[in-house]
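The values are calculated or read from the model by the stated rules, or taken from the named source; none is laboratory data. Since the structure is predicted, the reported quantities are computational estimates derived from the model, not experimental observations. We place every Cβ from the backbone using ideal geometry, glycine too, and count neighbours over all the protein chains shown.
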Amino acid sequence: MKFNKTRNKIFGALFIFIVVVAFFMVPTGYYLEVPGTAEDTSQFVKVDGKHDKKKGNLLLTTVGIVPGTAFTMLKSMGNSFETIYSQQDLMGDENSQEYFRVQQYYMKSATNNAIQAAYTKADKPFTKKYLGVYVMDVMDNSDFKKKLQIGDTITSINGYHFNNADQFIKYVKKQNKHSNVKIDFLRDGKAKTTSGGLVKLADTKRFGLGITLTDNTEAKGNPSTKINAGDIGGPSAGLMFTLQVYSQVANKDLKAGRTIAGTGTIAPDGTVGPIGGIEKKIYAASEEGATVFFAPDDPVTKEIKKYEPGYVNNYHLALRAAKKIHTKMKIVPVKNLNDAINYLEKTKQSK
């Protein structure tokens, strides 16, 4: 009898231990988007082999994505700077590895656009090399489902090399629906070859490879610029990388000893676009001591209002977040690269 009581106590304690571990440590299948970090862009950028040594900082800002446990999800409720997402909402049909690879592509695309926009603004020469088409997704019915992966770059089809995705698509359209095609591609820098048939594309009468694709390019300037963002993914650091590259290639001291943060995508022509999670980025920048924050002032069109009546643009979301945390950081609206540069040039005189 005594043995049974002891055993019951042990099992009871073990059960409580398992419940506690599950509550604090076991992932739920949900994710939390939380304030990330504010990183000095100069550590990622080299122009002519050198980092920027001017005083001050141009900070890119990030959000953190962490697996949600029962404890962290409960703790986040009511916190306007933490958002709960299901895996489907966050990643769609991609697994975590595929999601990471796509985010890395977006970062690469952002740094290419940053180089092009910065060199154009500085009136410095640059070239844009076409690498091939980047595989963004492979359909379930595709003959290449097990052969190509998200993140691969297709360099030729049947020995045919192309100069943009449109040429690639037109070539595939000309193939007979019973054709078997040979694909040359790069995966993690290594050349590979595979082959397969065409499949009927959903909602069309056409046949194709059954992949979603986009152009993969590489911008190079003179003097040369290298941007290595490490594990940081996504397109939202585009504006801040552009400011960093421009300040170096044009030899402009935009920082003037200040800590300047911001976010926003960048187009080759310098247009700044909206991003997600700006409230978390405001929090991260304020914690890092930034005095200025550039926020995309994206236009709220009738089309946007039609499909999302409650849409609030990045700039106004940033203003709300700044007010909520009582930061003294100046929130500056920008529609393009010139808006940011003009602000920094103008305000450094009165610093």
Helices (runs of 4 or more DSSP H) fully within region 261-349 counting 3 or more residues that are over 22 Å from the mean Cα position of the chain (by Cα), assigned by TED's automatic domain parsing to the domain that holds Ser236 and closer than 19 Å to Thr83 by Cα: 314-324
Name the pairs whose Cβ atoms lie under 8 Å apart, with the first residue in region 305-316 and in contact (Cβ under 8 Å) with a residue 12 or more places away in the chain and closer than 19 Å to Thr61 by Cβ, the second of a type outside the set (Ser, Thr, Tyr) and surrounded by fewer than 10 Cβ atoms within 10 Å (Cβ to Cβ), and 6 or more positions between them or separate chains? Asn313/Pro299
Options Tyr171, Tyr105, Tyr160: the member that is touching a helix residue (DSSP H, G or I) at 6+ places or on another chain (Cβ under 8 Å) and hydroxyl-bearing (Ser, Thr, Tyr): Tyr160
Please go through region 200-238 and give me each residue that is assigned to a loop (DSSP other than H, G, I, E, B), of a type in the set (A, V, I, L, M, F, W, C), at pLDDT 90 or above and touching a Phe, Trp or Tyr at 6+ places or on another chain (Cβ under 7 Å), ordered by number. Leu209, Ala229
Looking for something in contact with a Leu (Cβ under 7 Å, 6 or more places away or on another chain), at pLDDT 95 or above and not hydroxyl-bearing (Ser, Thr, Tyr) - is there at least one such residue anywhere in region 117-124? yes
Looking at Ile282, Ile304, can you tell me which residue is among the hydrophobic types (A, V, I, L, M, F, W, C) and modelled with pLDDT of 95 or more? Ile282
Out of (1) within 22 Å of Ser236 (Cβ to Cβ); (2) not in a strand (DSSP E or B), what's the single condition that is false for Asn141? (1)
Please go through region 136-168 and pick out each residue that is of a type in the set (Ser, Thr, Tyr) and without any contact (Cβ under 8 Å) to a residue 12 or more places away in the chain. Tyr160
When you scan region 212-227, do you find a residue that is of a type in the set (Gly, Ala, Ser), in contact (Cβ under 8 Å) with a residue 24 or more places away in the chain, exposed (fewer than 14 other Cβ atoms within 10 Å of the Cβ) and closer than 22 Å to Thr111 by Cα, even just one? yes
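Okay, residues lined up against (1) at pLDDT below 95; (2) surrounded by 14 or more Cβ atoms within 10 Å (Cβ to Cβ); (3) at positive phi:
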position	(1), (2), (3)
Gly310	yes, no, no
Arg320	no, yes, no
Lys330	no, yes, no
Asn338	no, no, no
Leu344	no, yes, no
Lys351	yes, no, no
Across region 168-184, what is the total count of residues that are surrounded by 14 or more Cβ atoms within 10 Å (Cβ to Cβ) and either modelled with pLDDT under 90 or under 15 Å from Asn216 (Cα atoms) (or both)? 3
Based on what the data block shows, is Gly197 in contact (Cβ under 8 Å) with a residue 12 or more places away in the chain, exposed (fewer than 13 other Cβ atoms within 10 Å of the Cβ), more than 28 Å from Met107 (Cβ to Cβ) and of a type outside the set (Asp, Glu)? no
Condition test on Gly92, is it loosely packed, with under 13 Cβ neighbours inside 10 Å and closer than 30 Å to Val63 by Cα? yes
If Leu254 satisfies all but one of (1) aliphatic (A, V, I, L, M); (2) modelled with pLDDT under 95; (3) touching a strand residue (DSSP E or B) at 6+ places or on another chain (Cβ under 8 Å), what's the number of the condition it fails? (2)
By residue number, the members of region 36-77 that are of a type in the set (Ser, Thr, Tyr) and at pLDDT 90 or above are Thr37, Thr41, Ser42, Thr61, Thr62
For Asn251, only one of the following conditions fails: (1) part of a loop (DSSP other than H, G, I, E, B); (2) under 21 Å from the mean Cα position of the chain (by Cα); (3) polar (S, T, N, Q). What is its number? (2)
